[in-house]
Amino acid sequence: MPSEQRTGQDGSGQPSPGAPLKKAEHYAETRDWPGYFEVVLGKPPRETLLDALARFDAEGFSEGFAVDFGCGEGRDSAELLRRGWRVLAIDGHASAFEYLKKRTDFPRIAREPGWFQTSVARFEDAPIPPCDLLNSSFSLPFVDPARFDDVWARIVAAVRTRGRFAGQLFGDRDTWASLPDRSHQSRARVEELLAPFEVEHFQEEERDGGDCTSAPKHWHVFHIVARKRG
C-alpha cells in the first residue's frame with residue numbers, strides 16, 4: 001500500500017502548525033474515510049487495474065461494463081471511463097462521491113446517460129450486477145469477516161465468463177489481522193478463493209512499515225488479476 005501523506009489540516013495543502021503528517025494507512029486503519037479520500041485524491045489508478053485493462057486490450061476487448069467495488073475517490077473509475085468502459089461505482093461512504101466530484105480528470109462521457117452510475121451501499125449488502133470486470137482496490141479487507149464468504153461468492157457469480165477480477169486481499173500476517181472488523185486470509189485460503197479463476201497476476205507483498213506515529217506496521221497483501229473460467 002502506498003505511503004501517501006496528508007500535508008495539512010486546513011485544506012490549504014500546507015502543514016498546519018504543529019500538525020503531524022499522516023499517511024493514508026493511518027486513516028484506513030481508523031476508518032476515517034474522508035481523511036483517506038483527501039490524502040489520495042488525484043493519485044493514479046492502481047497497478048492491478050492497469051494490468052487487467054492491458055489484458056483486455058490485448059484481446060481486443062475495450063468496451064465492457066465494470067463494477068468499481070469500493071471506488072473511494074474515483075481514481076480507478078476515472079481510468080475505466082477514459083478507456084471507454086461503462087462503470088458502476090460502489091462505496092459504503094457517501095463522502096466518497098463528494099471527493100469524486102472534485103476530480104478534474106473524468107472524461108466528458110461520464111456525464112452521458114448510461115456510462116457512469118454510483119451507489120452508496122455497504123459492501124456486505126451492495127447488489128453486484130453481472131460485469132466484465134470487478135475491480136476492488138484495497139477494499140475487500142474492510143468487509144465484515146462474518147460476511148466475507150458471502151460477498152466473495154456474489155463477486156464470483158457477478159463476473160462473466162472470461163471476465164476478470166482485479167484487486168487486493170490482505171494476508172493473515174498483516175498487522176491489521178488482529179482487528180476484529182477486518183477480513184484477512186492465508187495464502188492457502190486465497191488460492192481456494194481464486195479456484196473459479198485463471199490467475200494471471202499474483203504478487204504476495206510482505207514488508208515492514210509504520211504510521212505517522214512511527215508505530216510498527218507489517219504489510220501482508222495479495223495483488224491479484226484473474227480471469228473467470230468458462
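Bear in mind that the values in this text are calculations on the coordinates, not laboratory data. Note that the structure is a prediction, hence the values are computed from the model and not measured. Positions of Cβ are backbone-derived with ideal geometry, glycine not excepted, and every protein chain shown enters the neighbour counts.
Stokes-Einstein, applied to the Kirkwood radius of segment 73-230 over Cα pairs at a viscosity of 1.306 mPa s and 10 °C, places its translational diffusion at 94 µm² s⁻¹.
Centre-to-centre separation between the Cα atoms of segment 133-150 and those of segment 45-113: 18 Å.
With both labels modelled 7 Å from their Cα along Cα-to-Cβ, the R108 to E191 distance reads 5.1 nm.
In order along segment 167-180, the Karplus-derived 3J(HN,Hα) couplings, from 6.51 cos²θ - 1.76 cosθ + 1.60 at θ = phi - 60°, round to x, 10, 10, 9, x, 7, 9, 6, 4, 6, 4, 7, 7, x Hz, and Gly and Pro are given as x.
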